[in-house]
Amino acid sequence: MSELARIDAAVEAIDAAAAGFRPRLGIVLGSGLDSCADAITQAIDISYADIPGFPRPAVDSHAGRLRLGKLGDVPVAMLRGRAHVYEGHDLLDVVRPVRTLARLGCSSVVLTNAAGSLNEEVGPGRLMMLTDHINWAGLNPLTGPNEPALGQRFIDMTTAYDPGLRRHLAESARRIGLPLAEGVYLWYPGPSYETPAEIRLFGALGADAVGMSTVPECIALRHMGVRVAGISTITNLAAGLGDGAALDHGDVMAIGAAMADDLARLLAAFAREADDVL
């Protein structure tokens, strides 16, 4: 079966469960952020287990469900959690859910994640809008035969994170009085956290935050012509920058969950006046 056929099989299953619902905006929730799904009204939930080809996340706080509904007046499709390469998933499997969002009709997608900050002035509890990324993993979901129905063989990544969506996110944050940092995100494949030496190197390369997701999804979506925005919830200072305490996944989850309300407010404000940018 071709990758296009796998994606369209997922679309068909979603259509059957949601009576042809057509979202305009896609949202992917990262670690600790599942409560953001509570903002969706007229909600329909579909388990990833009921969608052919959708990998099921094994990480705590990734619910593994697709929620369809309204955010304000905007029809949205929200992926409540994602699979990661470090779980042993093939990269095509990892990006199939966001490619499915595109085939469902999402012309714009907001990718969220939990990340460690390389900037001590942007510490735990802050949101950071992605301006660009660095693919440190050296992996690319476009490796292999190209599927012309999905996109061109070679794609420009100069504006990986759409300037119009970024302006609208920044204005939405200002409107609700929410501080929003900006920076470059580096994809580190994990699951081990980075060493202090690696963090020093990443800082020299221009990274402002580091995490274990998002970049392959961004590449796959840009391949399909979808506009992308990215938001990191800063859950910790990266290795060597904090108080010396060991990095702990439980702390990441707890801080991410505490930030979910701020992220939900930002997403709601973004959707409220999004007709001119979606």
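In region 82-115, of all residues being in contact with a Pro (Cβ under 9 Å, 6 or more places away or on another chain) and outside any helix (DSSP H, G or I), the one that is surrounded by the fewest Cβ atoms within 10 Å (Cβ to Cβ) corresponds to ASP90. Across region 32-74, the number of residues qualifying as surrounded by fewer than 20 Cβ atoms within 10 Å (Cβ to Cβ), among the polar types (S, T, N, Q) and either within 17 Å of the chain's Cα centre (by Cα) or within 18 Å of MET253 (Cβ to Cβ) (or both) comes to 1. Just wondering, is there one or more residues in region 256-278 that are outside any helix (DSSP H, G or I), under 30 Å from ASN146 (Cβ atoms) and in contact (Cβ under 8 Å) with a residue 12 or more places away in the chain? Yes, region 256-278 contains at least one residue that is outside any helix (DSSP H, G or I), under 30 Å from ASN146 (Cβ atoms) and in contact (Cβ under 8 Å) with a residue 12 or more places away in the chain. Mind listing just one residue for me: the one in region 116-140 that is touching a residue at least 60 places away in the same chain (Cβ under 8 Å) and surrounded by fewer than 18 Cβ atoms within 10 Å (Cβ to Cβ) and, of those, farthest from the chain's Cα centre (by Cα)? Looking at the filtered set, the residue picked out is GLU120. Within region 147-167, the set of residues being within 17 Å of the chain's Cα centre (by Cα) and buried (at least 18 other Cβ atoms within 10 Å of the Cβ) comprises ALA160, TYR161, ASP162, LEU165, ARG166. Residue check: ALA77 meets all listed conditions (1) within 17 Å of PRO141 (Cβ to Cβ); (2) within 19 Å of the chain's Cα centre (by Cα); (3) modelled with pLDDT of 95 or more but one, namely (1). Scanning region 169-192 for residues that are under 21 Å from GLU217 (Cα atoms), touching a helix residue (DSSP H, G or I) at 6+ places or on another chain (Cβ under 9 Å) and surrounded by 14 or more Cβ atoms within 10 Å (Cβ to Cβ) returns LEU169, GLU182, VAL184, TYR185, LEU186, TRP187, TYR188, PRO189, GLY190.
Is it fair to say ALA9 is without any contact (Cβ under 8 Å) to a residue 12 or more places away in the chain, in a helix (DSSP H, G or I) and over 30 Å from ILE199 (Cβ atoms)? When the stated conditions are applied, ALA9 does not pass them.
The values are calculated or read from the model by the stated rules, or taken from the named source; none is laboratory data. Keep in mind the model is a prediction, meaning the values are calculated, not measured. Note that we place each Cβ from the backbone using ideal geometry, even for glycine, and neighbour counts take in every protein chain shown.
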